[in-house]
Amino acid sequence: MKILVTNDDGYRAEGISQLRAAMATLGEVTVVAPDRNRSGAGNSLTLDVPLRLFESESGVHYVAGTPTDCVHLGISGAFDFEFDMVASGINDGPNLGDDVLYSGTVAGAIEGRFLGLPTIALSLCTTPSGPRHFDTAGRVARTLVGALLERPLDPGLILNVNVPDRPFSELAGFASTRLGFRHRSERVVPARDPRGRAVYWIGPAGASADAADGTDFMAVSQGFVSVTPLSIDMTRHAALPTLAKWMQSLVIEP
């Protein structure tokens, strides 16, 4: 079993060290991660410049690129062997609800799925003043991936996992969840650069808007590990008949 590990917090992050150690109990691990924090990179690929693959003294590979770049390189020819799955994380912070649209952690897992492998994205729901139990998330990762190896799911699924920031013994269990969603983000934060010119920081993510029973937000708030199955197909299939009827009156002018 050969496992490709990536993240979006950078190859020096605590979370990826924990994930690497957890996956090493299950198979042969190769790490390819960004050279720095690339949170919010989403599914972006670097297409305008070539990428270089470096190796640290600890045997971790890193790239001056995005998590998607890292997974693409790892699976598509940077190594002379094939991988069996991709594990992305452990993210320093939650990836709940619509966070998945921006998350580099989730994007790394999605790229693995695009390239035909089973994938999992893992996040620890840290806060600025929280205890940061990355060891808990590492044990969760080992439990889930071990179960996937014994009892595989549909390889088309991407598992988005959010772990409460608490000791492993205090977890309430595992919950199968749907994505909730957040309120709109806070306003941008204006500032000035050293030359007095206006600059803007992207504001914080909004609070949860849909945190009802069954959502990832609710599960984590109750101490459960949230496991949400994601799909690449973004088509809103239920809307296809309505759209087709709406377009019946449309014509292409000669």
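Taken together, the values in this text are just the output of simple stated rules run on the coordinates, not laboratory data. Because the structure is a prediction, the values reported are computed rather than measured. Cβ atoms come from the backbone with ideal geometry, glycine included; neighbour counts cover every protein chain shown.
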Using only the alpha-carbon atoms, what does the range 51-129 span along each of its principal axes? Please give whole angstrom values in decreasing order. 41, 30, 20
Contact order normalised by residue count of the range 97-211, Cα under 8 Å, 6+ apart, percent: 25
Using +1 on the beta carbon of Lys and Arg, -1 on that of Asp and Glu, and nothing else charged, what's the dipole of the chain about the Cα centre, debye to 20? 600
How big is the charge dipole of the range 1-108 about its Cα centre, in debye rounded to the nearest 20, if each Lys and Arg gets +1 on its Cβ and each Asp and Glu gets -1 on its Cβ? 80
Convert 25 °C to kelvin, take the viscosity as 0.890 mPa s, use the Kirkwood radius over C-alpha pairs of the range 122-254 as Rh, and evaluate the Stokes-Einstein diffusion coefficient in µm²/s, rounded to a whole number. 133
Test of understanding: given the chain, find the longest segment containing no GluC sites (Glu not before Pro) that are in a DSSP loop and have at most 13 other Cβ atoms within 10 Å. 83-185
Of the beta bridges DSSP finds with both residues in the chain, what % are antiparallel, to the nearest 5? 35
Considering the dipole of the chain built from charges on the beta carbon (Lys and Arg +1, Asp and Glu -1) around the Cα centre, which of Gly138, Val188, Ser226 is farthest to its positive end? Val188
List, in order, the whole-Hz ³J(HN,Hα) value for each residue of the range 224-239 obtained from phi through the Karplus relation with A = 6.51, B = -1.76, C = 1.60 and θ = phi - 60°; use x for Gly and Pro. 8, 6, 8, 10, 10, x, 10, 10, 6, 5, 9, 4, 8, 4, 5, 8
What is the local net charge at Val29, summed over the other residues whose Cβ is closer than 15 Å to its Cβ (Lys, Arg +1; Asp, Glu -1)? -1
When the chain is fully extended, how far beyond the present Cα-Cα distance does Arg236 get from Phe114, taking 0.36 nm per residue of separation? 42.0 nm
Be a star and scan the range 17-52 for residues whose amide nitrogen sits under 12 Å from the point 7 Å along the Cα-to-Cβ vector of Ala64. 35-36, 49-52
If you look at just the Cα atoms of the range 152-205, how large are its Rg and its Dmax in Å? 19.7, 57
Among beta bridges assigned by DSSP with both residues in the range 39-124, the antiparallel ones amount in percent, to the nearest 5, to 40
Between beta-carbons, use under 11 Å as the cut-off and find the net charge around Gly93, counting Lys and Arg +1, Asp and Glu -1. -4
How long are the semi-axes of the ellipsoid equivalent to the range 121-187, from square roots of 5 times the Cα gyration tensor eigenvalues, in whole Å, largest first? 23, 19, 10
Calculated mean projected area of the Cα convex hull in nm² (choose from (i) 19.5; (ii) 15.9; (iii) 18.3), label: (i)
Run the Debye formula on the Cα coordinates of the range 1-122, all scatterers equal and no solvent, and tell me log10 I(q)/I(0) at q = 0.14, 0.16 1/Å. -0.47, -0.63
